[in-house]
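Please read the structure below before turning to the comments.
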Amino acid sequence: MPGVEERIEQLRSEIEQHNYRYYVLSTPLISDVEFDRLMQQLIDLEAQHPELITPTSPTQRVGSDRNPSFVSVRHSVPMLSLSNTYNYDEVREFWHRLHSGNGSLTLDCELKFDGLSIAVVYLNGELSQAITRGDGIEGDDVTNNIRTIRSIPLRLLGENIPPRVEVRGEILLPYDEFERINSQRLAEGKDPFANPRNAASGTLKQLDTSVVSERRLDAFFYYLLVNGLDIDSHAERLHLAKSWGIKVSDYSAQCSTLEDIYAFIDHWDTARRSLPFATDGIVLKVDSLALQQTIGFTAKGPRWAIAYKYQPERASTQLIDVSYQVGRTGIITPVANLAPILISGTVVRRATLHNADFILSLDLHQKDYVYVEKGGEIIPKIAGVDKSLRQSDALPIVFPSTCPDCGTTLIKAEGEVGYFCPNKLGCPMQIKGSIEHYTQRKAADITIGPETIDALYSRGFVKSICDLYRLTADDILSLDGFKECATGNLLGSIEQSKSRPFPAILFGLGIRYVGENVAKILTRTFNSIETLMEASQEELQTIDGIGERIAESIVSFFADERNQKIIAALKEFGVTLSNPVEEGISEAISRPLEGKSIVISGTFSQHTRDEYTQIIEQLGGKKVSSISQKTSFILAGEDMGPSKREKALSLGIPLLSEDEFLALVDLPNTK
Ligand code: IVH
């Protein structure tokens, strides 16, 4: 019988092998059920022996640290970008430039993945740090989020792994996952992400690692940085990285003639459309590292590599008509309805026209033929109008002056491009939108779909969010498709929403510019809706994170009698509109760091960085990741990076040692 420690180690290796086969090689050996069984064994053993849990255990991919914040870290070697070319002539020039003086050479042709660049560092074979590109010199430490990505090994496989390995590559969100996330967001009343790259970037910046873990990001690596490695060929180096378990693209080729390069570009121009993730071009790199050194760099990037970018696919189709959507906040968005057309593998029927100015800039007329483009964006764009096909009697498209839903005269808010319907509490689309907003998971969390809200509204049962709490079983049973069970569930869910936390309900009220984050900030200062309602604009603006626009919107929301009535009704129904009262001490806790923005840098001996983050937040401070004029001070541990130190000095921002900080906040110092 092996000991527990050996058994745990054995399970981890086995799981790592299966992960590699599944996520990197795409050739799994065992079924999902068998895999889950292995994982469960490991979870159970670790639960019995928590002292044996290591950060690189496969069980640690799912968020354990719920509040990491991003610290900016300097890259070992700057992360450069490539110069772009769009046509064969420029590729030929690049090729000839390389050949003059260098004789024959091999170029690696790779796909250009359309995601976010990342640098991942392994120390002694273990994932130690993952840094975003940032400004190329310094990026954000997103290690905790990267750990959730199954195709990125937490430990490298095999023998003789160099002590420090850095791989650089691209984080991607595959199309199917992108669509899944967007349909979920739409169901929750949130704006969908515009394209997989934005979705990947939004995901990587999430503070809650469990959200990152839910969204299945993927990655491809295209660069290996190891000091003293005696392999000159870039392709061979990637091959070696692959043998360590790093996910390297198989869609590469080594070319030694211009014709081969053109053939590669041509092939992928169409073939890339059937890939499950976004690519936007081809990268051409000199294969020999020695030659790369000779050819060198410009200030912007390497001279030994270029990116060839594909033109976004474009097609012409006819405008059928324009419809106008009314959003939850009353903003009117014009949408072009088009004769169906196939672009990049999907049928396009609609495209956004953004706002009135955009329609004017296109000079769009009825029944015009328009060019529709699908670039990196999944939502198609109208790139222009083919005026030669315009019918002579066609009238220009005119943005309406009244709301298409309720007929109220539209208003153009100062400083904004869009028109909006001011009839917030009387416009059906806005009312339904605000109910959908209130019921979403991050707000009141009531399990109800848009169709049910629509049905309840059209029968006159629900005209504002507080009417949800007046619903009876008979009301719901009268809707199509609702039997006892579903009715009970809906009523139960409505009842439960009353005990949702105050910030969630405040967010659910749908005050313009008060998103989840702002709601949290507000409830830190105001313990109840009453105190918030009494706050003046000036008072609100003194809060860190609340600017003029937000403060103005809050004050005008609460000044509206109809909103006051809704809030009074919610209170009567027992909906939580205040923070829980903590046993006696809450009032007494002092907040010595109130209003302070603090950067944490380096390592510490008495508490971990995460603990310091918690301490700062509990004492009223805000932890920020990069040094700026607004930083109050830096909690500087051992090995604080020289660039940070310099920046702090140049801005005159004080550095506090661990001892000084503990003394400042009156915490015990065990040294
Ligand atoms: S090589 C010094 N290879 O494209 C060489 N980049 O501007 C650096 N990218 O931000 C890049 N696929 O994130 C390289 N196969 C590939 C790539 C790739 C995508 C991204 C990369 C960089 C941008 C280039």
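Selection of the stretch 290-304 for residues being more than 15 Å from the ligand (Cβ to nearest atom) and small (Gly, Ala, Ser) yields only Ala290. Can you name the residue in the stretch 209-227 that is crowded, with 22+ Cβ neighbours inside 10 Å and more than 16 Å from the ligand (Cβ to nearest atom) and, of all such residues, is farthest from Asp176 (Cα to Cα)? In this case the residue turns out to be Thr209. Of the helices (runs of 4 or more DSSP H) entirely within the stretch 541-646, those holding at least 3 residues that are among the β-branched types (Val, Ile, Thr) and modelled with pLDDT of 90 or more occupy 548-559. A residue that is aromatic (Phe, Trp, Tyr), within 15 Å of the ligand (Cβ to nearest atom) and either on the phi > 0 side of the Ramachandran plot or surrounded by fewer than 18 Cβ atoms within 10 Å (Cβ to Cβ) (or both) cannot be found anywhere in the stretch 259-277. On inspection, Ile446 fails the criterion of being within 34 Å of the chain's Cα centre (by Cα), farther than 22 Å from Met429 by Cβ and buried (at least 16 other Cβ atoms within 10 Å of the Cβ). Scanning the stretch 249-260 for residues that are under 35 Å from the mean Cα position of the chain (by Cα) and in contact (Cβ under 8 Å) with a residue 60 or more places away in the chain turns up Ser249, Tyr251, Ser252, Ala253, Gln254.
None of Asp287, Asp280, Asp250 is touching a Leu at 6+ places or on another chain (Cβ under 7 Å), charged (D, E, K, R) and within 16 Å of the ligand (Cβ to nearest atom) except Asp287.
Consider the stretch 336-368 and keep the residues that are surrounded by 15 or more Cβ atoms within 10 Å (Cβ to Cβ) and touching a helix residue (DSSP H, G or I) at 6+ places or on another chain (Cβ under 7 Å). The one that is modelled with the lowest pLDDT is Ser344.
Only residues that are assigned to a strand (DSSP E or B) and not hydroxyl-bearing (Ser, Thr, Tyr) were counted across the stretch 87-135, and they come to 18. Residues of the stretch 545-574 that are farther than 19 Å from Phe502 by Cα and surrounded by fewer than 15 Cβ atoms within 10 Å (Cβ to Cβ): Gly547, Glu548, Arg549, Ser556, Ala559, Asp560, Glu561, Arg562.
Of all the criteria given as (1) more than 16 Å from Ser81 (Cα to Cα); (2) surrounded by fewer than 20 Cβ atoms within 10 Å (Cβ to Cβ); (3) within 16 Å of the ligand (Cβ to nearest atom), the one not satisfied by Asp140 is (2). Residue pairs whose Cβ atoms lie under 6 Å apart, separated by 6 or more positions or on different chains, with the first residue in the stretch 469-480 and surrounded by 16 or more Cβ atoms within 10 Å (Cβ to Cβ) and the second not β-branched (Val, Ile, Thr), are Tyr469/Phe573; Asp475/Phe461; Ile476/Phe482; Ile476/Leu490; Leu479/Ala455. Scanning the stretch 391-423 for residues that are aliphatic (A, V, I, L, M) and touching an Asp or Glu at 6+ places or on another chain (Cβ under 9 Å) yields a total of 3. Looking at (1) closer than 23 Å to Leu522 by Cβ; (2) touching a Phe, Trp or Tyr at 6+ places or on another chain (Cβ under 8 Å), can you tell me which one Ile615 breaks? Failed condition: (2). Of everything listed in (1) farther than 21 Å from Leu229 by Cα; (2) within 13 Å of the ligand (Cβ to nearest atom), the single unmet condition for Pro312 is (2). Summed over the stretch 201-244, the residues that are without any contact (Cβ under 8 Å) to a residue 40 or more places away in the chain, acidic (Asp, Glu) and more than 30 Å from Lys623 (Cβ to Cβ) give a count of 2. Residue selection: Gly158 fails the criterion of being outside any strand (DSSP E or B), over 20 Å from Val286 (Cβ atoms) and within 15 Å of the ligand (Cβ to nearest atom). When Ala351, Ala356, Ala299 are checked against the criterion of being closer than 30 Å to Glu170 by Cα and either in contact (Cβ under 8 Å) with a residue 12 or more places away in the chain or within 26 Å of the chain's Cα centre (by Cα) (or both), Ala351 stands alone in meeting it. Of the residues screened, Asp89 is not one that is charged (D, E, K, R), at pLDDT below 90 and on the phi < 0 side of the Ramachandran plot. When Asp230 is tested against (1) in a loop (DSSP other than H, G, I, E, B); (2) more than 21 Å from Met79 (Cα to Cα); (3) within 16 Å of the ligand (Cβ to nearest atom); (4) out of contact with any Leu (no Cβ under 8 Å at 6 or more places or on another chain), just one condition goes unmet, and that condition is (3). The residues on offer are Thr132, Thr85, and the sole one that is closer than 25 Å to Asp218 by Cβ, within 16 Å of the ligand (Cβ to nearest atom) and of a type in the set (Ser, Thr, Tyr) is Thr132. When the stretch 110-124 is filtered for residues that are in contact with a Ser or Thr (Cβ under 9 Å, 6 or more places away or on another chain), more than 9 Å from the ligand (Cβ to nearest atom) and not aliphatic (A, V, I, L, M), only Tyr122 remains. Against the list (1) hydroxyl-bearing (Ser, Thr, Tyr); (2) touching a residue at least 60 places away in the same chain (Cβ under 8 Å); (3) under 30 Å from Ser274 (Cα atoms), the condition Tyr369 fails is (2). The condition of being at pLDDT 90 or above, surrounded by 15 or more Cβ atoms within 10 Å (Cβ to Cβ), touching a Lys or Arg at 6+ places or on another chain (Cβ under 6 Å) and part of a strand (DSSP E or B) holds for only one of Val322, Val372, Val283, that being Val283.
Residue count for the stretch 427-443 under the criterion of being β-branched (Val, Ile, Thr) and closer than 17 Å to Gly460 by Cβ: the result is 2.
This table checks each residue for (1) touching a strand residue (DSSP E or B) at 6+ places or on another chain (Cβ under 9 Å); (2) surrounded by fewer than 16 Cβ atoms within 10 Å (Cβ to Cβ); (3) not basic (Lys, Arg).
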residue: Ser625; (1), (2), (3): yes, yes, yes
residue: Lys630; (1), (2), (3): yes, yes, no
residue: Leu635; (1), (2), (3): yes, no, yes
residue: Glu638; (1), (2), (3): yes, yes, yes
residue: Arg645; (1), (2), (3): yes, no, no
residue: Ala648; (1), (2), (3): yes, no, yes
residue: Gly652; (1), (2), (3): no, yes, yes
residue: Leu655; (1), (2), (3): yes, no, yes
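Of all residues being under 16 Å from Ala383 (Cβ atoms) and not in a strand (DSSP E or B) in the stretch 300-319, which is modelled with the lowest pLDDT? Just the residue, please. Residue satisfying both the conditions and the ranking: Pro312. Take Leu238 and decide whether it is of a type in the set (A, V, I, L, M, F, W, C), within 16 Å of the ligand (Cβ to nearest atom) and either part of a loop (DSSP other than H, G, I, E, B) or surrounded by 14 or more Cβ atoms within 10 Å (Cβ to Cβ) (or both). So Leu238 passes the test.
Looking only at residues of the stretch 206-225 that are among the acidic types (Asp, Glu) and not in a loop (DSSP other than H, G, I, E, B), we find that the one that is farthest from Leu172 (Cα to Cα) is Glu214.
The values are calculated or read from the model by the stated rules, or taken from the named source; none is laboratory data. Note that this is a predicted model, so its numbers are computed, not measured. Positions of Cβ are generated from backbone atoms using ideal geometry, with glycine treated the same way; all protein chains shown enter the neighbour counts.
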